[in-house]
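Peer 1: Sharing a structure with you now.
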Amino acid sequence: MICSFCGEKAIYYRAYSGKYFCTTCFKKSIEEKVIKTISKYNMLNYGEKILLMVSGGKDSLAMLRILNKITKEHASEIVVATIDEGIKEYRDDALEIVKNVCNELNLPHHIFKFKDLFGYTIDEIASLKKEYSTCSICGIFRRRAMDLIAQKLNIQVVATAHNLDDIIQTFLINLLNNDLKRLKWNLPVHYETSIFPQRRIKPLAEIYEEELALYSFLNNERFQKMACPYMHEGIRSQIREILNELEKNHPGIKYSLYHSAIGVSNSLAISKKEIKKCKICGIPTFSEKCSFCTILAELKNENANN
Ligand code: SF4
Ligand code: ZN
Ligand code: ZN
């Protein structure tokens, strides 16, 4: 087969668009999609400092490489941070990978440990008896860590490497949990307001996970391949499998779901009255106490009882 754009030998067929790609045209298509996503959602302003959360997986390294390339024209400054959740063996390799890529690109790299920020590693949390799954707790703690890191580094724009698959999975999880209020937080851009001081952006929001894997492979990127030992605890893995199966039989169905997720999330109005301040830490929340403070108190209790 030949590339639909330049006539070179094709290495990939994009089923949802019916187009064949050679290596060069495929990589270009991914980078152009990221540029389009950034401009479609007004993610960045000229000259802004951006905090990139890079875990060392294929998606975050792809985001780092692409943003490093394209933000030069924006005169933007990039700062990289990695969260070390304290998962034995899993995170060590990833930290080394991110450090090497940052050295290669000459970018500042900061590491923040859950243990220093919150007093617990995820391995310690996993060993305590608790109501929530380890992975859900880790997700809540990671979001809080991002707030704290951005504050410490004094940066207002935080980019994460969530891809299209992540967004539609989270959309379905929120629907299944009847958690409609959180839908807006899953949008490709969450603009800063007086309540939310940072702008959260997802520059890979319109790219399929499997295409990011191919992009990394074609770049000979060394990324962390070991799966997190806690990742199968949640419902996400099941939803991922169902969506992949649907996409195989109906190419483009993930894109349709993505657009529905954006439409539904944007149409939900959350009145200011519904947003309260956590009585412990003061961050915006929908109940008296935010999930982070609720879980932290539960862990302290559990620890005291052991
Ligand atoms: Fe944390 Fe879950 Fe990610 Fe593992 S898979 S690092 S537990 S959020
Ligand atoms: Zn081509
Ligand atoms: Zn709180």
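Peer 1: Report, to two decimal places, the Cα Rg of the range 1-145 normalised by 2.2 N^0.38 Å (N = number of residues).
Peer 2: Rg over 2.2 N^0.38 Å, computed on Cα atoms: 1.31.
Peer 1: Probe of 1.4 angstrom, ligands and nucleic acids ignored: what's the accessible area per residue over the range 102-245, in square angstrom? Intermediate results must be reported in sequence, preceding the final value.
Peer 2: Working: 7140 Å² over 144 residues.
Result: 50 Å² of accessible area for each residue.
Peer 1: Run through the range 252-306 and list the GluC sites (Glu not before Pro) located in a DSSP loop whose Cβ has at most 12 other Cβ atoms within 10 Å. Before the final figure, lay out each step's value.
Peer 2: Working: sites: GLU274, GLU288, GLU298, GLU302; in loops: GLU288.
In loop regions of the range 252-306 (DSSP not H, G, I, E or B), the sparsely surrounded GluC sites (Glu not before Pro) are GLU288.
Peer 1: Charges on Cβ only, +1 for Lys and Arg, -1 for Asp and Glu, centred on the Cα centroid of the chain; of CYS293, ALA10, PHE141, which one is farthest towards the dipole's positive end?
Peer 2: Sorting the options by dipole projection puts first CYS293.
Peer 1: Mind checking the dipole of the range 29-270: about its Cα centre, +1 per Lys or Arg Cβ, -1 per Asp or Glu Cβ, Debye to the nearest 20?
Peer 2: 540 debye
Peer 1: Can you give me the angle between helix 23-40 and the longest principal axis of the chain, using Cα atoms only, in degrees from 0 to 90, rounded to the nearest 10?
Peer 2: So the helix axis and the longest Cα principal axis differ by about 50 degrees.
Peer 1: Related question: Which value, in debye to the nearest 20, gives the size of the charge dipole of the range 1-135 about its Cα centre, when Lys and Arg are +1 and Asp and Glu are -1 at the Cβ?
Peer 2: Numbers: 20 positive and 18 negative charges, 135 e Å.
My answer is approximately 640 debye.
Peer 1: Looking at the range 24-133, which trypsin sites (Lys or Arg not before Pro) are in a loop (DSSP not H, G, I, E or B) and have at most 10 other Cβ atoms within 10 Å?
Peer 2: Loop-located and lightly packed - LYS88, LYS129.
Peer 1: Give the distance, in whole Å, between the Cα centre of the range 100-132 and the Cα centre of the range 222-271.
Peer 2: So the separation of the two Cα centres works out to 24 Å.
Peer 1: Using only the alpha-carbon atoms, how far is helix 291-305 inclined from the longest principal axis of the chain? Give it as 0 to 90 degrees, nearest 10.
Peer 2: 50 degrees
Peer 1: Here is a further query. For the pairs LYS225/LYS300; LYS27/LYS225; LYS99/LYS300; LYS225/LYS289, note any where the Cα-Cα span goes beyond 26 Å.
Peer 2: Correct reply: LYS225/LYS300; LYS99/LYS300; LYS225/LYS289.
Peer 1: Restricting attention to the range 148-239, which chymotrypsin sites (Phe, Trp or Tyr not before Pro) occupy a DSSP loop and are surrounded by at most 16 other Cβ atoms within 10 Å?
Peer 2: TYR191
Peer 1: Largest first, what is the accessible-area ranking of GLU48, GLU104 with a 1.4 Å probe?
Peer 2: My answer, sorted largest first, is GLU104, GLU48.
Peer 1: What three numbers, in Å, describe the spread of the alpha carbons of the range 185-259 along their principal axes, ordered from the longest?
Peer 2: So the three principal-axis extents are 42, 32, 29 Å.
Peer 1: Show GLU8, GLU206 ordered by accessible area, largest first, where the area counts protein heavy atoms only and the probe is 1.4 Å.
Peer 2: GLU8, GLU206
Peer 1: Could you work out the local net charge near THR160, counting Lys and Arg as +1, Asp and Glu as -1, over the other residues with Cβ closer than 11 Å to its Cβ?
Peer 2: +2
Peer 1: Could you tell me which of THR121, ASN100, HIS110 has its Cα farthest along the dipole of the chain towards the positive end, charges placed at Cβ (Lys, Arg +1; Asp, Glu -1), taken about the Cα centre?
Peer 2: HIS110
Peer 1: Treating the angle as unsigned and between 0 and 90°, give the value, to the nearest 10°, between the Cα long axis of helix 236-249 and the longest Cα principal axis of the chain.
Peer 2: The angle comes out at about 20 degrees.
Peer 1: Determine the principal axes of the Cα atoms in the chain, then give the extent along each, sorted from largest to smallest and rounded to whole angstroms.
Peer 2: 67, 42, 38
Peer 1: Considering only protein heavy atoms and a probe of 1.4 Å, how much of the accessible area of the chain is carbon and sulfur, as a whole percent?
Peer 2: With neighbouring chains kept in place, the figure for the chain is 53 percent.
The values are calculated or read from the model by the stated rules, or taken from the named source; none is laboratory data. Remember, it's a predicted structure, so these values are computed and weren't measured experimentally. For neighbour counting, all protein chains shown are included, and Cβ atoms are generated from backbone atoms with ideal geometry for every residue, glycine included. The accessibility values were calculated without ligands, DNA or RNA, using every heavy atom of the protein model including side chains. Shrake-Rupley method; radii C 1.70, N 1.55, O 1.52, S 1.80 Å.
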